[in-house]
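Okay, structure first, notes after.
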Amino acid sequence: MCFGRCAKCIGYMLLILAVCSIVANILLYFPNGETKYARENHLSRYVWFFEGIGGAGLLILIPAFVCIGLEEEDCCGCCGNRNCGRSCAMLGSVVAALIGIAGAGYCLIISALALEEGPLCLNNGEWSYPFANSKAHYLADHSTWSQCSEPNNVVVWNVTLFSILVGLSGIEIILCIIQIINGLIGGICGACCCQQKSQQYAC
């Protein structure tokens, strides 16, 4: 079934993206590889929302594994036809894809808010968010990044990783939307074939 093969490809891509999102989120806890800022609670507030670990990571694993198993899925084998079971599974994958969209959407929104606010850093002897009122203009004005004296290169660290999370979650949403379309078409087509074969058996 071509819809199953397509879903399997989407599943593997989602799996890779989910792992990358989890890694990116974990790295946010260790600016420049240092652990003391996490211990001292000197990390940006949005780091603690687990958007990459939970949203674009664990929740995306649900549609990923569902899609990976679709090509061989036989579900209930209703109507005495194997394709009928696959049709049920294809329609079920739509629900899993919706869960994936919710998780990736959460990550996208939180990461975008984190980019807008900027990092928590030591500025003029105080821990603060020096770019919070800049409406993200600091992203284009690299000369202002020196306001953060500690952690070293924290602006680059946060901007890079949160941008990666935005990109990964955006791709995940697109793939989940494709799977919704794929699942609906595959499920409906499979149901039609099932109905036709049932009528043949009845005759």
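Somewhere in segment 27-38, is a residue under 17 Å from Leu115 (Cα atoms) and under 14 Å from the mean Cα position of the chain (by Cα)?
No - not one qualifying residue is present in segment 27-38.
Got a sec? Which of Ser128, Ser111 is buried (at least 17 other Cβ atoms within 10 Å of the Cβ) and of a type in the set (S, T, N, Q)?
Matching residue, one of Ser128, Ser111: Ser111.
Identify all residues within segment 2-31 that are of a type in the set (A, V, I, L, M, F, W, C), assigned to a loop (DSSP other than H, G, I, E, B) and surrounded by fewer than 20 Cβ atoms within 10 Å (Cβ to Cβ); write none if there are none.
Phe30
Please list, ordered by first then second residue, the pairs with beta carbon atoms under 7 Å, 6 or more apart or interchain, first in segment 36-55 and on the phi > 0 side of the Ramachandran plot, second buried (at least 17 other Cβ atoms within 10 Å of the Cβ).
That search, which allows pairs on different chains as well, returns Phe50/Asn25.
Given the conditions (1) surrounded by 17 or more Cβ atoms within 10 Å (Cβ to Cβ); (2) over 11 Å from the mean Cα position of the chain (by Cα), report the number of the one that Gln147 does not fulfil.
(1)
Is it the case that some residue within segment 3-23 is modelled with pLDDT under 90 and not hydrophobic (A, V, I, L, M, F, W, C)?
Yes - at least one qualifying residue is present in segment 3-23.
Could you say which residue among Ala104, Ala114 is at pLDDT 95 or above, closer than 14 Å to Phe162 by Cα, in contact with a Cys (Cβ under 8 Å, 6 or more places away or on another chain) and of a type outside the set (Ser, Thr, Tyr)?
Matching residue, one of Ala104, Ala114: Ala104.
The values are calculated or read from the model by the stated rules, or taken from the named source; none is laboratory data. As the structure is a prediction and not an experimental result, all values here were calculated from the model. Note that we place each Cβ from the backbone using ideal geometry, even for glycine, and neighbour counts take in every protein chain shown.
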